[in-house]
Amino acid sequence: MNNKQPLERRIIIAFTLMTLLVSGTFSLGIVAIVHFIEEHLVSQELDRQLHVVVHEDLRNGRSPRLDPETHFYASNLDEFAIPKQFDRKELGFAEVVDGDEAFYVYIQEINGVRYALVQEQHEFEQREQALFNVVLAGFLLSIIGAWGLGRLMARKIMQPVSRLAQQVRHRDQLLPLAPPLALEYANDEIGHLAAAFDSTLSKLRNSLEREKLFTSDVSHELRTPLMIIASSCELLAEAHLAEKEVAHLQRIKRASEEMHDLVQTFLILARSKPEEAFLGGQATLQSIADAQVELWQTMFTDKQIEFQCAVAETPKETLYNATFLRTVFSNLLRNALHYTEHGKVKLTLYTDHFTVEDTGIGIPENFQESIFEPFVRGHNARGEGLGLGLSLVRRICTHQGWTIEVSTHSPHGSCFSVFLKPKKQ
Ligand SMILES: Nc1ncnc2c1ncn2[C@@H]1O[C@H](COP(=O)(O)OP(=O)(O)OP(=O)(O)O)[C@@H](O)[C@H]1O
Ligand SMILES: [Mg+2]
């Protein structure tokens with residue numbers, strides 16, 4: 001049996017095949033037994049009659065005493081010459097069908113003489129045929145019945161299994177207050193399966209809850225020290241500092257702002273409530289891009305890479321979640337900076353999307369889908385990253401209904417495009 005068939009169909013096929021086998025064996029058995037008994041009884045009866053004719057009637061010079069359906073023939077008597085159609089070489093019993101007629105033929109050799117008794121059996125043959133027709137009809141009906149019953153049983157057996165599968169698949173099943181499944185099922189194999197699902201789902205729920213709490217706790221607790229760093233930077237900026245110290249202070253400030261953005265991003269992603277999507281404030285594509293260009297310009301210049309920002313189409317005045325958009329920009333620009341040695345990086349703005357192109361090492365086409373997976377880094381990965389940047393970017397895009405694509409920038413390098421679907425006008 002093909003194991004790729006659905007379970008319900010497999011049950012029906014098994015049911016039908018079993019009936020086919022059992023009912024087929026019975027039907028063939030009936031036919032064989034009828035034939036066997038017919039041959040055995042009739043040949044016994046004909047043998048007895050032949051014996052009476054040869055040893056009593058002929059010996060006493062009487063004509064054979066037989067019923068009208070039975071005829072006697074002998075090879076040594078002209079008036080009883082054996083007709084050609086009944087003259088067989090083999091001795092014993094046989095059935096001969098001649099057109100519409102059917103006969104039992106019994107041939108015996110006694111003292112070198114061949115004797116034959118021929119009995120018309122047309123009527124019996126008709127009854128026999130009727131019996132075989134009934135057996136055949138019974139066989140076919142039992143197959144159809146088994147198929148129908150199999151369908152009914154399979155549906156009944158599979159119904160709780162399908163219901164359980166549907167319940168397990170339902171997304172509400174991962175909610176903390178989802179009711180246990182096992183209570184709805186009998187204490188049988190399916191009930192045990194439901195109980196196993198309950199325990200696995202509850203473990204899954206707990207670990208999801210723990211992960212969410214961890215992220216939100218960490219994000220929440222980091223906000224206070226970050227605020228302290230930011231305010232200390234502001235206080236220090238007012239003091240008289242040497243040029244080198246001012247540069248260091250700027251770096252600390254920038255890093256703390258980035259961390260603040262990240263903390264905010266993680267917090268919103270962990271809570272995943274739509275009403276909290278505006279938690280980090282809102283801004284237009286143009287304003288975020290301007291701030292990012294200012295932030296990254298010096299780093300590109302330090303690495304002697306040309307950094308360009310072009311406006312191909314005036315961006316819409318749509319407001320986007322500022323924290324998320326900043327995180328997407330900073331990850332794409334950081335990657336462009338890391339993975340480009342010479343040439344240029346170009347940020348282009350369109351009505352509601354933007355692209356970041358670089359002339360760096362590029363990403364092989366067969367690797368372009370996997371770079372969005374967490375902890376995936378290329379062979380030419382730089383710095384101490386973990387391979388989480390693009391996975392975070394994709395999570396943000398999914399959360400906001402945006403899309404991100406990557407393509408190869410000819411002759412070498414890569415091009416990331418982010419399409420922003422407006423969330424709020
Ligand atoms: N602009 C780019 N040019 C070439 N390869 C890139 C570019 N951006 C990403 N990649 C490849 O994709 C991989 C995944 O990028 P991702 O930003 O997720 O991780 P990372 O930069 O290695 O580390 P992290 O961002 O966690 O610091 C990188 O390791 C790199 O191989
Ligand atoms: Mg990165």
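Only the coordinates and a few stated rules stand behind these numbers; no lab work does. Computed from a predicted structure; not experimentally measured. Methodologically, a virtual Cβ is constructed for each residue, glycine included, from the backbone with ideal geometry; neighbour enumeration extends over all protein chains shown.
Some values worked out for this structure:
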read-out	value
Cα-centred dipole magnitude for the chain, charges only on beta-carbon of K, R (+1) and D, E (-1), debye, nearest 20	2200 debye
Formal net charge of residues neighbouring His40 (Cβ-Cβ distance under 14 Å; K, R +1; D, E -1)	-4
Coarse-grained scattering of the range 38-116 at q = 0.25, 0.26 Å⁻¹, given as base-10 log I(q)/I(0) from a Debye sum over alpha-carbon atoms	-1.45, -1.55
Dipole of the range 7-142 [Lys/Arg +1, Asp/Glu -1 at C-beta], most positive-end residue of Ala130, Ala32, Ala74	Ala32
Contact order normalised by residue count of the range 173-221, Cα under 8 Å, 6+ apart, percent	35 percent
Gain upon complete extension [Ala312, Ala186; 0.36 nm per residue less C-alpha separation]	38.8 nm
Rounded to whole Hz, the Karplus (6.51, -1.76, 1.60) HN-Hα couplings of the range 64-72, x for glycine and proline	x, 9, 9, 6, x, 7, 10, 10, 10
Set of lysines near Lys421 by C-alpha distance (under 17 Å), chain-local residues within fewer than 8 positions excluded	Lys316
Scaled radius of gyration (Cα, divided by 2.2 N^0.38 Å) that the chain gives	2.15
FRET efficiency, 1/(1 + (r/R0)^6) with R0 56 Å, evaluated for Lys156 and Leu236 via beta carbons	0.15
The chain, relative contact order [Cα under 8 Å, separation at least 6], %	9 percent
Residues whose placed amide H lies under 5 Å from that of Thr284, excluding near-sequence neighbours	Tyr320
Cα lying deepest toward the dipole's positive end in the chain, options Ile143, Pro83, Phe372, charges on Cβ	Phe372
Cβ-defined net charge surrounding Val345, 14 Å radius [Lys, Arg +1; Asp, Glu -1]	-1
Mean Cβ count within 10 Å, highest first, over the residues of peptides 283-290, 35-42	283-290, 35-42
Residue of Tyr339, Tyr350, Tyr106 that the Gaussian network model of the chain assigns the largest fluctuation, springs spanning Cα pairs under 10 Å	Tyr106
The range 10-167 - percent relative contact order, Cα under 8 Å, separation 6 or more	29 percent
Shape of the range 343-425, Cα gyration tensor, a/c cut at 1.5	oblate
Nearest-0.05 FRET efficiency for Arg251 and Ser199, computed from C-beta distance (R0 60 Å)	0.75
Cβ-based net charge around Leu149, under 12 Å, with every Lys or Arg adding one and every Asp or Glu removing one	+3
222 nm mean residue ellipticity, helices alone, for the chain (DSSP H n ≥ 4; -39,500 (n - 2.57); rounded to 500)	-19000 deg cm²/dmol
Lys303 versus Leu17: modelled label distance in nm, points set 7 Å from Cα along the beta carbon direction	6.4 nm
